[in-house]
Amino acid sequence: MKNLKIFLIILLIIPNLSFADNQLERNKITKNLRCLICQGQSVYDSDSDFANSMKILVDKKLEEGLSENEIYDFFKEKYGEWILYDPGLNKNTYILWLLPLLIFLLGGAIIMKKLRFKN
Amino acid sequence: MKDKLIPSIIIISFIIIFLIFYKGLQETNIYIPKSEIKKDIPIFSSVKFDSNENINSSEIFNSNKFYLLNIWASWCVPCRQEHTYLMRLSENNKVTLIGLNYKDNFNNAQNFLMKLGNPYEVIFLDEDGTISIEWGAYGVPETFLIHKNKIVAKYIGPLNEKLINEINSIVK
């Protein structure tokens with residue numbers, strides 16, 4: 001009897017775990033997608049018609065077995081790089097990625113020079 | 001010389017920053033996706049508006065003529081505005097109008113068509129809004145001109161006199 005109970009509990013938990021997994025994945029993806037109706041909000045935060053449809057579509061794509069990056073590529077192809085909150089490094093965004101690094105190096109160089117000058 | 005250099009660099013930097021922000025104020029910061037042209041149309045299946053029959057996109061866009069896919073809903077006010085233009089365009093036999101009814105109530109949509117006329121050859125349903133996203137649309141109304149299974153032109157917002165003339169000149 002006890003074994004049966006444990007077996008039933010495990011049986012109940014397994015589908016929930018995979019559901020929770022998909023839910024987590026969906027939340028992670030929708031947090032990185034921008035809502036085009038209420039711009040400035042992520043699809044995850046927004047409750048507009050467009051965002052709700054996006055959430056359904058993300059679920060569908062996850063069920064179809066698409067990975068996170070494949071889903072981003074899908075939306076990027078439809079709406080452009082702007083749909084992503086975390087854009088990848090490419091010819092349009094390299095300034096965005098490299099500028100902080102350059103400023104950091106420049107600042108470091110100035111500090112080094114000053115320190116050497118003092119010494 | 002060195003004493004003057006630093007203040008002048010600071011002043012110039014402030015002027016540049018001011019100009020960038022000032023220009024930013026005048027520019028709209030609402031992003032509109034680029035009109036994707038010459039893209040293949042998405043493949044999807046849906047349900048027909050009047051018969052609840054399943055329909056596949058390949059059955060709709062099956063010939064090499066021009067198709068105009070219009071995303072509409074009875075609750076959308078700009079759709080009412082553009083409807084007269086769509087009725088006019090439906091008289092042109094070089095283009096076939098296809099309707100995609102977006103997140104609508106069946107009775108309201110039927111009343112809308114009875115009152116204003118039905119310009120569409122086929123209407124199919126997008127109940128959860130996902131088909132519109134497959135098309136790269138993000139609201140209603142949106143219209144796509146299709147030729148040889150490719151999107152030739154995309155119009156965000158209601159159609160007007162000028163756009164109807166443009167469509168007529170493309171399909172000529």
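Quick notes on this structure:
- Per DSSP, loop trypsin sites (Lys or Arg not before Pro) in the stretch A:30-119 with at most 14 further Cβ within 10 Å: A:LYS91
- Local charge for A:SER42 was computed over the other residues whose Cβ lies under 12 Å away, with Lys and Arg +1 and Asp and Glu -1, and equals +1.
- Most positive-pole-ward Cα, B:PHE14, B:ILE30, B:PHE106, against dipole of the stretch B:1-117 from beta carbon charges: B:PHE14
- Within the protein assembly as shown, the cysteines lacking any other cysteine Cβ closer than 4.7 Å to their own Cβ are A:CYS35, A:CYS38.
- Computed over chain A: relative contact order in percent, which uses C-alpha pairs under 8 Å that are six or more apart: 18 percent
- Between B:GLU91 and B:LEU116, the distance separating the two model label sites (each 7 Å from Cα on the Cα→Cβ line) works out to 1.8 nm.
- Exposure proxy for B:SER57, A:SER48, B:SER45: other Cβ atoms within 10 Å of each Cβ, ordered fewest to most, give B:SER45, A:SER48, B:SER57.
- Cβ charges +1 (Lys, Arg) and -1 (Asp, Glu), total dipole of chain A, debye: 880 debye
- Amide N of the stretch B:48-88 lying under 18 Å from the label point, which is placed 7 angstrom from the Cα of B:SER169 along Cα→Cβ: none
- For GluC sites (Glu not before Pro), the sites in the stretch B:38-109 that DSSP calls loop and that have at most 10 other Cβ atoms within 10 Å are B:GLU53, B:GLU91.
- Positive-end residue of A:PHE74, A:LEU36, A:LEU96, charge dipole of chain A with Cβ unit charges: A:LEU96
- Cα centroid of the stretch B:110-127 to Cα centroid of the stretch A:51-119, whole Å: 43 Å
- Per residue, the average separation of C-alpha pairs within less than 8 Å and at least 6 apart gives the stretch B:39-171 a relative contact order of 33 percent.
- Within 10 Å of each Cβ in B:127-136, the average number of Cβ atoms from other chains: 5
- Environment charge of B:LYS94, counting only residues whose C-beta is closer than 15 Å and scoring Lys/Arg +1, Asp/Glu -1: +1
- Here the label points at A:ASP45 and A:GLU81, each 7 Å from Cα along the C-beta direction, are separated by 2.3 nm in the simple model.
- Sorted by Cβ density within 10 Å, fewest first, the residues B:LEU86, A:LEU84: A:LEU84, B:LEU86
- Around the Cα centre of chain B, unit charges on the Cβ atoms of Lys, Arg, Asp and Glu (plus for the first two, minus for the last two) sum to a dipole of about 780 debye.
- For the residue pairs A:LYS113/B:LYS4; A:LYS91/B:LYS65; B:LYS115/B:LYS150, alpha carbon separations beyond 30 Å are given by A:LYS91/B:LYS65; B:LYS115/B:LYS150.
- Residue exposure sequence - A:TRP97, A:TRP82, B:TRP135 - by fewest surrounding Cβ within 10 Å: A:TRP97, A:TRP82, B:TRP135
Here, each number is a calculation from the coordinates, and none is a lab measurement. These numbers come from a predicted model, not from an experiment. FYI the Cβ positions are ideal-geometry reconstructions off the backbone, even for glycines, and counts take in every protein chain you see.
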